[in-house]
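Peer 1: Handing you a structure now.
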Amino acid sequence: QKEVEQNSGPLSVPEGAIASLNCTYSDRGSQSFFWYRQYSGKSPELIMFIYSNGDKEDGRFTAQLNKASQYVSLLIRDSQPSDSATYLCAVKSGGYNKLIFGAGTRLAVHP
Amino acid sequence: KAGVTQTPRYLIKTRGQQVTLSCSPISGHRSVSWYQQTPGQGLQFLFEYFSETQRNKGNFPGRFSGRQFSNSRSEMNVSTLELGDSALYLCASSLEDGSPLHFGNGTRLTVT
């Protein structure tokens, strides 16, 4: 069974700090990686996607991918209380559009 | 552009009944996927449709089925409902293979 692993948290960071969320995956053939944010009672919302090794930045968010280590991370700079949510790592598995999701990391940003 | 629309938002059914959930993808998206989310199992893949064809199916019993219409709208059906089917059912659409999935607001199904 191909897996995606995340630390369930909660990860607690002070407002203004950098939050670092990590994810490992087992399928070496995976090519597409996604981060979703999910507020309690809501549906997942796409935050970032990354296909190539290295960093990809979008505003306060940076996704990092290391295929050799089978590791993908999400950095949130200048964390705000509104960033408090569960962050889901997803990996495209096999053909077409099947995603395998991690269990999610709960982030709590406190003032 | 309108997002993914799922109806209904909430459903309450009793064991043994069947249910049909509906999903309208983002305009132009031909791939529609369905996921089940529960507190214990997280987000689990049900199936994916593209141009009215099921391309992928997750590890769910045959009670779970789906279809896609020529306008890319999709439905999923669960027959002979069990208590364990209580979950948030999420539909997502995608423009092309490998591009990001965009989720609808989900249908919360409660089986009593």
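Peer 1: With the condition kept exactly as written, say whether any residue in the range B:34-54 is modelled with pLDDT of 95 or more and in contact with a Pro (Cβ under 6 Å, 6 or more places away or on another chain).
Peer 2: Checking the range B:34-54: not a single residue is modelled with pLDDT of 95 or more and in contact with a Pro (Cβ under 6 Å, 6 or more places away or on another chain).
Peer 1: If a residue must be open to solvent by 10 Å² or more (accessible area, probe 1.4 Å), assigned to a loop (DSSP other than H, G, I, E, B), more than 14 Å from every other protein chain (Cβ to nearest Cβ) and in contact (Cβ under 8 Å) with a residue 40 or more places away in the chain, how many such residues does the range A:70-111 contain?
Peer 2: 5
Peer 1: Among the candidates A:30, A:43, A:52, which residue alone is in contact (Cβ under 8 Å) with a residue 40 or more places away in the chain, part of a loop (DSSP other than H, G, I, E, B) and within 14 Å of chain B (Cβ to nearest Cβ)?
Peer 2: On inspection, the qualifying residue turns out to be A:30.
Peer 1: Somewhere in the range B:100-112, is a residue touching a helix residue (DSSP H, G or I) at 6+ places or on another chain (Cβ under 6 Å) and open to solvent by less than 50 Å² (accessible area, probe 1.4 Å)?
Peer 2: As a first pass, look at the range B:100-112 and keep what is touching a helix residue (DSSP H, G or I) at 6+ places or on another chain (Cβ under 6 Å): B:111.
Still in the running and open to solvent by less than 50 Å² (accessible area, probe 1.4 Å): B:111.
Within the range B:100-112 (the criterion being touching a helix residue (DSSP H, G or I) at 6+ places or on another chain (Cβ under 6 Å) and open to solvent by less than 50 Å² (accessible area, probe 1.4 Å)), the answer is yes, since at least one residue qualifies.
Peer 1: Between B:112, B:80, which is more than 14 Å from chain A (Cβ to nearest Cβ), out of contact with any strand residue (DSSP E or B) (no Cβ under 9 Å at 6 or more places or on another chain) and polar (S, T, N, Q)?
Peer 2: B:80
Peer 1: Please report, ordered by residue number, the strands (runs of 3 or more DSSP E) entirely within the range B:14-91 with at least 1 residues that are more than 14 Å from the chain's Cα centre (by Cα) and within 18 Å of residue B:110 (Cα to Cα).
Peer 2: In the range B:14-91, B:42-50 are the strands (runs of 3 or more DSSP E) which contain 1 or more residues that are more than 14 Å from the chain's Cα centre (by Cα) and within 18 Å of residue B:110 (Cα to Cα).
Peer 1: How many residues, within the range A:10-45, are among the aliphatic types (A, V, I, L, M) and either on the phi > 0 side of the Ramachandran plot or surrounded by fewer than 16 Cβ atoms within 10 Å (Cβ to Cβ) (or both)?
Peer 2: 2
Peer 1: Could you identify the single residue in B:33, B:22, B:86 that is open to solvent by 10 Å² or more (accessible area, probe 1.4 Å), touching an Asp or Glu at 6+ places or on another chain (Cβ under 6 Å) and in contact (Cβ under 8 Å) with a residue 40 or more places away in the chain?
Peer 2: Going through B:33, B:22, B:86 in turn, just one is open to solvent by 10 Å² or more (accessible area, probe 1.4 Å), touching an Asp or Glu at 6+ places or on another chain (Cβ under 6 Å) and in contact (Cβ under 8 Å) with a residue 40 or more places away in the chain: B:22.
The values are calculated or read from the model by the stated rules, or taken from the named source; none is laboratory data. These numbers come from a predicted model, not from an experiment. Every residue, glycine among them, receives a Cβ derived from its backbone with ideal geometry; neighbour counts consider all protein chains shown. These area figures cover heavy atoms from the full protein model, side chains too; ligands, DNA and RNA do not enter into them. Shrake-Rupley method; radii C 1.70, N 1.55, O 1.52, S 1.80 Å.
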